[in-house]
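The values are calculated or read from the model by the stated rules, or taken from the named source; none is laboratory data. A quick note: this is a predicted structure, and the numbers were derived from the prediction, not measured. A quick note on method: Cβ atoms are made from the backbone with ideal geometry, for glycine too, and the neighbour counts reach across all protein chains shown.
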């Protein structure tokens with residue numbers, strides 16, 4: 001992953017997408033709304049960030065996709081977690097835990 | 001496992017790009033429709049719902065381009081499309097393209113041709129082992145000019161120096177030779193016996209000259225070049241029957257030199273010098289001389305050595321006068337061969353170097369003029385989601401294509417010109 005401040009942001013988006021998909025298979029809009037919901041509206045993922053991330057993660061093998069019918073009978077592309085994706089989620093979760101703990105420590109230091 | 005996934009995706013992106021693109025297009029459109037549905041459910045009138053959905057999506061083409069940037073093997077795709085655009089662009093302005101290619105070809109061709117000559121003459125070492133240890137030796141006359149060596153002076157250099165492990169004299173003529181497949185006019189060299197040792201070249205067949213071959217009245221012997229051995233003698237493995245007739249004398253061929261060895265230039269036969277005896281004059285400058293430095297001896301040391309011997313001859317000789325040597329000098333053989341050509345060649349190289357610079361400046365100007373016309377095109381490309389880097393790469397690709405064609409033509413021309 002690229003170094004610098006973007007790496008944290010990019011990592012965060014991946015983590016949120018993986019986390020959202022734990023609830024089951026979803027299409028892009030569903031993932032976007034799910035992230036909005038589980039972060040209490042803090043993160044609104046724009047399609048311009050969401051789709052590139054989804055395609056990249058699919059190429060990494062963390063998620064897989066298939067075409068299905070949406071709730072209002074529209075054809076939509078659905079995504080689901082793969083085994084590699086589950087592992088990645090665990091690793092990312094641990095990493096995020098370490099990072100947020102470290103940042104919290106740093107901010108509390110006097 | 002993910003490596004396989006990645007490899008499969010790479011191949012899919014590369015070979016079924018149409019399906020991948022269609023898939024992406026449908027996905028983005030479906031997303032837009034779902035956004036619209038969502039807005040309608042939230043109570044918006046259909047037209048406004050669609051408008052809001054489009055705003056949230058942020059432009060179908062831009063989203064698609066962003067996804068493309070993330071694909072495995074995207075660089076290959078985008079490089080290929082850069083080349084396609086580049087070629088199209090160059091074809092669109094055939095006049096300007098032709099002028100630029102021609103300018104580059106001319107300048108690159110001239111530079112390459114001159115550099116080939118400079119490389120061959122000045123830079124490439126002579127093709128002998130440790131060629132930088134091979135020196136030329138000259139007399140220096142009373143006017144400070146360099147002169148060839150007289151026989152007795154060479155003998156003194158050879159016998160008294162402590163700097164050379166081998167030193168030999170040589171000169172060359174064109175003579176009529178018969179006895180081979182047909183009579184020929186052939187360039188021959190008269191050499192003293194250590195000649196090949198100076199160059200570190202042993203014969204590939206037969207033997208080298210020995211001191212007895214060069215004695216007055218010895219049976220005439222000859223070494224032949226590889227080319228002469230093959231074409232005029234018919235490549236015999238057994239040299240005992242190979243004889244050549246030169247100026248009424250019959251020479252036995254005793255050895256064959258390796259292919260590529262032709263020193264002095266274009267010589268085919270090497271014969272022992274002074275079979276009729278040496279010229280005793282110290283002022284008949286008949287021979288070139290070359291020597292191989294002993295290990296550890298520098299050019300300066302060799303120069304002092306030879307100079308001391310030369311001055312001793314000058315002081316003690318009975319043949320005083322303007323033609324008698326006053327000093328001696330040692331210079332690397334390559335420098336002595338290329339000495340006079342050096343400065344003009346370098347000047348020429350500098351001149352064509354500047355020609356190349358001027359040509360590049362001209363081409364850059366033409367490209368700049370085109371770029372200002374293409375501002376619109378750039379605006380459209382960046383509106384369609386082309387990143388800054390992509391636009392820059394596009395221009396670099398075009399310039400690369402131009403230089404490739406120009407350079408190719410130039411090198412082709414130079415090859416033609418030098419050959």
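Taken over the stretch A:9-45, the criterion of being in contact (Cβ under 8 Å) with a residue 12 or more places away in the chain and part of a loop (DSSP other than H, G, I, E, B) is satisfied by A:22, A:24, A:25, A:39, A:43, A:44, A:45. Number of residues in the stretch B:1-32 that are at the interface with another protein chain (Cβ under 9 Å from one of its Cβ atoms) and either assigned to a helix (DSSP H, G or I) or within 30 Å of residue A:73 (Cβ to Cβ) (or both) equals 16. In the set (1) in a helix (DSSP H, G or I); (2) under 30 Å from residue B:123 (Cβ atoms), the condition left unmet by residue B:328 is number (1). Among the residues of the stretch B:227-240, count how many are surrounded by 13 or more Cβ atoms within 10 Å (Cβ to Cβ) and in a loop (DSSP other than H, G, I, E, B). The number of residues fulfilling the criteria is 3. Restricting the search to the stretch B:181-203, which residues are more than 27 Å from residue B:329 (Cβ to Cβ) and in contact with a helix residue (DSSP H, G or I) (Cβ under 8 Å, 6 or more places away or on another chain)? Within the stretch B:181-203, B:181, B:186, B:202, B:203 meet the criteria. Whether any residue in the stretch B:241-249 is in a strand (DSSP E or B), without any contact (Cβ under 8 Å) to a residue 40 or more places away in the chain and closer than 25 Å to residue B:150 by Cβ is what I want to check. Looking through the stretch B:241-249, at least one residue is in a strand (DSSP E or B), without any contact (Cβ under 8 Å) to a residue 40 or more places away in the chain and closer than 25 Å to residue B:150 by Cβ.
You will find that of B:321, B:296, B:277, B:260, the residue that is in a loop (DSSP other than H, G, I, E, B), without any contact (Cβ under 8 Å) to a residue 24 or more places away in the chain and assigned by TED's automatic domain parsing to the domain that holds residue B:151 is B:296 and no other. Scanning the stretch B:83-94 for residues that are in a helix (DSSP H, G or I) and over 33 Å from the mean Cα position of the chain (by Cα) gives B:84, B:85, B:88, B:89, B:91, B:92, B:94. In the condition set (1) more than 31 Å from the chain's Cα centre (by Cα); (2) in a helix (DSSP H, G or I), residue B:386 is compliant with all but (2).
Sort out which residues of the stretch B:33-53 are closer than 19 Å to residue A:77 by Cα and either more than 9 Å from chain A (Cβ to nearest Cβ) or buried (at least 19 other Cβ atoms within 10 Å of the Cβ) (or both), and write them in order of number. Selection gives B:34, B:35, B:36, B:53. The residues of the stretch B:54-74 that are outside any helix (DSSP H, G or I), crowded, with 17+ Cβ neighbours inside 10 Å and within 7 Å of chain A (Cβ to nearest Cβ), listed by number, are B:71, B:72. Entry remark, the stretch A:68-104: residues being within 22 Å of residue B:26 (Cβ to Cβ) and facing chain B (nearest Cβ under 8 Å) number 6 in total. Name the single residue that is nearest to the chain's Cα centre (by Cα) among those in the stretch B:165-195 being crowded, with 18+ Cβ neighbours inside 10 Å and in a loop (DSSP other than H, G, I, E, B). Applying the filter and picking the extreme gives B:194.
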